[in-house]
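S.K.: Sharing a structure, written as structure tokens. Questions coming.
Each value in this text was obtained by applying a stated rule to the coordinates, not by laboratory testing. Note that the structure is a prediction, hence the values are computed from the model and not measured. Here the Cβ positions follow ideal geometry from the backbone for every residue, glycine too, while neighbour counts run over all protein chains shown.
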Amino acid sequence: MKNVTLIGASGFVGTAILNELLARGHRVTAVVRNPGKIGIKSPSLTVVQADVTDTSALVAACKGHDAVISAYNPGWTNPNIYEETLRNYPLILEAVRQSGVRRLLCVGGAGTLFCAPGLRVVDSGVIPDAIMGGVRSLGEFYLNTLMNEKEIDWIFFSPAGTLEPGKRTGKFRLGKDDLIVDENGNSHISVEDYAVAMVDELEMPQHHYERFTIGY
């Protein structure tokens with residue numbers, strides 16, 4: 001059993017990870033802006049209301065835990081998603097550092113994966129303008145900040161090109177820097193299976209100071 005802080009536990013991905021953590025017997029401190037969005041009750045769950053910009057509150061929520069999982073997202077419809085991602089993710093990193101926790105698992109994006117030799121998804125022309133700000137900023141955080149982090153044992157877990165509600169099958173493929181596609185050329189994964197792989201990595205770490213990805 002791990003004692004985990006989950007940042008952004010009420011979001012689309014965060015909810016799936018929260019459910020998977022609790023189902024597998026882990027203790028979770030869920031950090032959210034709006035506790036009312038946490039619909040699950042469990043003796044293994046502690047809900048903390050805090051904003052990621054409040055470093056002292058975040059440090060307190062992380063201290064003494066085995067690992068921190070960040071599913072933070074400013075919101076895909078947030079017009080300031082680019083700026084807030086680049087401002088707030090380094091704050092999360094700093095809070096984890098100050099807390100003394102040495103393992104950080106980040107819900108990443110697919111934008112910096114390679115879909116062809118030398119061509120990243122973010123530069124391929126397939127990403128809609130409506131979400132480009134969030135895709136590009138998360139990618140910049142990974143490339144410019146996280147890849148230079150040497151103290152905290154981090155991972156940046158990129159989903160497939162399409163991350164969607166679906167079934168928990170437990171059957172998927174993992175990769176490193178290249179977008180995983182199926183026999184029809186589609187890159188997709190259910191959020192439930194993404195959560196399975198994230199908690200697998202928590203329980204039995206296979207990746208350190210690196211990104212990895214998932215797909216069917």
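S.K.: For the chain, what does the relative contact order come out to in percent, with C-alpha contacts under 8 Å and a separation of six or more?
M.R.: Worked out over the chain, it gives 19 percent.
S.K.: List the residues of segment 76-96 whose backbone N lies under 18 Å from a point placed 7 Å from the Cα of A57 along the Cα-to-Cβ direction.
M.R.: 84-85, 87-96
S.K.: Sticking with this structure for a sec: Taking 0.36 nm per residue of sequence separation and subtracting the Cα-Cα distance, how much length would be gained by fully extending the chain between M132 and E83, in nm to one decimal?
M.R.: Gain in length upon complete extension: 16.4 nm.
S.K.: Using the Karplus curve 6.51 cos²θ - 1.76 cosθ + 1.60 with θ = phi - 60°, work out ³J(HN,Hα) for each residue of segment 38-48 in order, rounded to whole Hz, and write x for Gly and Pro.
M.R.: Here the 3J(HN,Hα) series is 8, x, 9, 10, 7, x, 8, 10, 10, 9, 10 Hz.
S.K.: In debye to the nearest 20, how big a dipole does the chain give about its Cα centre with +1 on each Lys and Arg Cβ and -1 on each Asp and Glu Cβ? Provide the component values of the computation, followed by the final result.
M.R.: Values: 20 positive and 24 negative charges, 128 e Å.
Charge dipole, the chain, about its Cα centre: 620 debye, nearest 20.
S.K.: Next question. Given bins 10 angstrom wide, list per bin the percent of all Cα-Cα distances in segment 39-147, short to long.
M.R.: Answer for segment 39-147: a P(r) of 13, 39, 31, 15, 2 percent.
S.K.: Just name one of I180, G39, H208: the one whose Cα is farthest towards the positive end of the charge dipole of the chain (beta-carbon charges, Lys/Arg +1, Asp/Glu -1).
M.R.: The one lying farthest along the dipole's positive direction is G39.
S.K.: According to the Cα gyration tensor, what semi-axes, each the square root of 5 times an eigenvalue, does the equivalent ellipsoid of the chain have, listed from largest to smallest in whole Å? Can you show the working numbers first?
M.R.: Details: eigenvalues 129, 77, 55 Å².
Semi-axes from the Cα gyration tensor: 25, 20, 17 Å.
S.K.: Treat every Asp and Glu Cβ in segment 76-198 as -1 and every Lys and Arg Cβ as +1, leave all other atoms uncharged, and give the resulting dipole magnitude about the Cα centre to the nearest 20 debye. It would help to have the intermediate numbers written out before the result.
M.R.: On the way: 12 positive and 16 negative charges, 74 e Å.
Charge dipole of segment 76-198: 360 debye, to the nearest 20.
S.K.: Roughly how far apart, in whole Å, are the Cα centres of segment 2-31 and segment 51-105?
M.R.: So the two Cα centres are separated by 14 Å.
S.K.: Determine the relative contact order of segment 17-57: mean sequence separation of Cα pairs under 8 Å and six or more apart, normalised by residue count, in whole percent. Present the calculation step by step, with values, prior to reporting the outcome.
M.R.: Numbers: 41 pairs, mean separation 15.8, N = 41.
It comes to 38 percent, rounded to a whole number.
S.K.: List the relative contact order of segment 53-147 as a percent without decimals, with contacts defined as Cα pairs under 8 Å and 6+ residues apart. Please list the in-between numbers first.
M.R.: Values: 108 pairs, mean separation 32.4, N = 95.
Normalised by residue count, the contact order of segment 53-147 is 34 percent.
S.K.: Angle between the Cα long axis of helix 129-144 and the longest principal axis of the chain, 0 to 90 degrees, nearest 10?
M.R.: That works out to roughly 70 degrees.
S.K.: Enumerate the calculated ³J(HN,Hα) couplings along segment 76-89 in order (Karplus 6.51 cos²θ - 1.76 cosθ + 1.60, θ = phi - 60°), each rounded to whole Hz, writing x wherever the residue is Gly or Pro.
M.R.: For segment 76-89, the Karplus curve yields 5, 8, 6, x, 9, 4, 4, 5, 5, 4, 5, 7, 8, 5 Hz.
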